[in-house]
Amino acid sequence: IEPRNLDSFDTIYIVLSLSESDLKKVIKSAIYLENKHISTVVYNLLCGLKYLHSANILHRDLKPANVKVREDGAPVLLDLGIAKDLSKGSQGHTRTSTSMGTSAWMAPEQADAKSVTSAADVYALGLVAYALLSGRMPWGEGESELRILMNKGMGKLEPLSAVKAQLPSSLSNAVMAG
């Protein structure tokens, strides 16, 4: 729809389809997902990240609550509120030595307020995959932000193979390497 007058046009609306669920709700529910379905969800999210990264955009807050699930099961990546446009260089709404994101899901370098690359989004996606495959949050439920950051800094993430031994080792290894 074209605006009537481009000179006075100052409002943009974004309309999305209604989604009743997100990956956080799925992880906390009793819904059983086959490994193949989880792999498909993760693959689709990886494609979405690839698209964002090809446009020089970092999401920086990828977590299960920011992935809505459509009725057909397809994931929809949302909440670009703290996304970083790399084409603008150091300009934007973040300052040097300020970490942005959700502690439990951010990469160590992001938590340490260092320069963040697309690898931070891939790291967060690995944690999302971990949560989907294990059925639990990677750093535990109810852990303090400080405890999460300390465990993350020391690399104390319980191996996925120890949490869910029946997973194929190739799948477990791919997520843990992520």
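The values are calculated or read from the model by the stated rules, or taken from the named source; none is laboratory data. Remember, predicted model here, so these are calculated numbers, not experimental data. Positions of Cβ are generated from backbone atoms using ideal geometry, with glycine treated the same way; all protein chains shown enter the neighbour counts. Accessible surface areas use protein heavy atoms only, side chains included; no ligands, DNA or RNA. Shrake-Rupley method; radii C 1.70, N 1.55, O 1.52, S 1.80 Å.
Observations on the model:
- Count of segment 112-139 residues which are farther than 15 Å from residue 64 by Cβ and either among the aliphatic types (A, V, I, L, M) or not in a helix (DSSP H, G or I) (or both): 9
- Annotation: of all residues in segment 124-169 being more than 20 Å from residue 62 (Cα to Cα) and in contact (Cβ under 8 Å) with a residue 24 or more places away in the chain, the one that is least open to solvent (accessible area, probe 1.4 Å) is 167.
- Screening residue 109 against (1) over 25 Å from residue 22 (Cα atoms); (2) buried (at least 16 other Cβ atoms within 10 Å of the Cβ); (3) within 18 Å of the chain's Cα centre (by Cα) leaves a single unmet condition, (2).
- Screening residue 90 with (1) open to solvent by 30 Å² or more (accessible area, probe 1.4 Å); (2) in a helix (DSSP H, G or I); (3) at pLDDT below 90 gives one miss only, at (2).
- Some residue of segment 56-73 being within 15 Å of residue 122 (Cα to Cα), surrounded by 13 or more Cβ atoms within 10 Å (Cβ to Cβ) and more than 13 Å from the chain's Cα centre (by Cα): yes
- Selection from segment 21-38 of residues that are more than 15 Å from the chain's Cα centre (by Cα) and open to solvent by 40 Å² or more (accessible area, probe 1.4 Å): 28, 29, 30, 31, 32, 34, 35, 36, 37
- Failed item, numbered, when residue 96 is tested on (1) at pLDDT below 75; (2) surrounded by fewer than 17 Cβ atoms within 10 Å (Cβ to Cβ); (3) under 26 Å from residue 19 (Cβ atoms): (3)
- Test for residue 135: is it small (Gly, Ala, Ser), within 16 Å of residue 22 (Cα to Cα), modelled with pLDDT under 95 and in contact with a His (Cβ under 8 Å, 6 or more places away or on another chain): no
- Number of positions in segment 52-69 that are assigned to a helix (DSSP H, G or I), over 19 Å from residue 28 (Cα atoms) and in contact with a strand residue (DSSP E or B) (Cβ under 9 Å, 6 or more places away or on another chain): 1
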